[in-house]
1. Consider residue 18 against the criteria (1) touching a helix residue (DSSP H, G or I) at 6+ places or on another chain (Cβ under 9 Å); (2) part of a loop (DSSP other than H, G, I, E, B): it satisfies all of them except one. Which criterion is unmet?
2. Just wondering, is there one or more residues in the stretch 90-106 that are under 15 Å from residue 10 (Cα atoms), surrounded by fewer than 18 Cβ atoms within 10 Å (Cβ to Cβ) and of a type in the set (A, V, I, L, M)?
3. How about the stretch 88-121: which of its residues are part of a loop (DSSP other than H, G, I, E, B) and either under 20 Å from residue 58 (Cβ atoms) or in contact with a strand residue (DSSP E or B) (Cβ under 7 Å, 6 or more places away or on another chain) (or both)?
4. Does residue 77 satisfy the criteria of being outside any loop (DSSP other than H, G, I, E, B) and surrounded by 17 or more Cβ atoms within 10 Å (Cβ to Cβ)?
5. Restricting to the stretch 10-40, count the residues that are surrounded by 13 or more Cβ atoms within 10 Å (Cβ to Cβ), in contact with a strand residue (DSSP E or B) (Cβ under 9 Å, 6 or more places away or on another chain) and under 16 Å from residue 106 (Cα atoms).
6. Does residue 67 satisfy being among the small types (Gly, Ala, Ser), at pLDDT 95 or above and farther than 20 Å from residue 114 by Cα?
7. Take the conditions over 17 Å from residue 119 (Cβ atoms), in a helix (DSSP H, G or I) and at pLDDT below 85 and apply them to residue 47. Does it pass?
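The values are calculated or read from the model by the stated rules, or taken from the named source; none is laboratory data. Just so it is clear, the structure is predicted and the values come from calculations on it, not from any experiment. In this analysis, Cβ positions are derived from the backbone assuming ideal geometry, glycine residues included, and neighbour counts consider all displayed protein chains.
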Amino acid sequence: CGLMLKTVRIGSNEYNMKSSAYTPLKYKMDYGTDLLKDIGRLNKLNDDISRLKTKAEKEEAWMSEFSGFLEMAYRIAYVMITEYDPGFKSYEDWLKGIDNVFSNENWILEVMECAMSTFRR
């Protein structure tokens, strides 16, 4: 696999993302944490939330107990967006433009898939 290009819908917007061998290093430099460990945490979180029955329960879980994990997903996505387009707007401006993070519940999985592509054979 190696390099991966992907378009992911977050809210009502689509974003082009790029993942390469540079992605984990950029993530570590930007946020001071390990990309693989954060992806592992997000995978566990997604499994836990997917077991909830209603959309309202899922939204409540993300908003209350797991808001820190949502921030990790945003950060991973943003690193890959800016790897695709180094001139992309600031992180804060990007977040301000996301209108409904729960309109597509699969975006986090898509972001993780893209980020992990560099580590797969």
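1. Single failed check for residue 18: (2).
2. Yes, the conditions are met somewhere in the stretch 90-106.
3. Those that are part of a loop (DSSP other than H, G, I, E, B) and either under 20 Å from residue 58 (Cβ atoms) or in contact with a strand residue (DSSP E or B) (Cβ under 7 Å, 6 or more places away or on another chain) (or both): 97, 98, 99, 100, 101, 102, 103, 104, 105, 106.
4. For residue 77, the condition - outside any loop (DSSP other than H, G, I, E, B) and surrounded by 17 or more Cβ atoms within 10 Å (Cβ to Cβ) - is met.
5. 3
6. No.
7. Yes.
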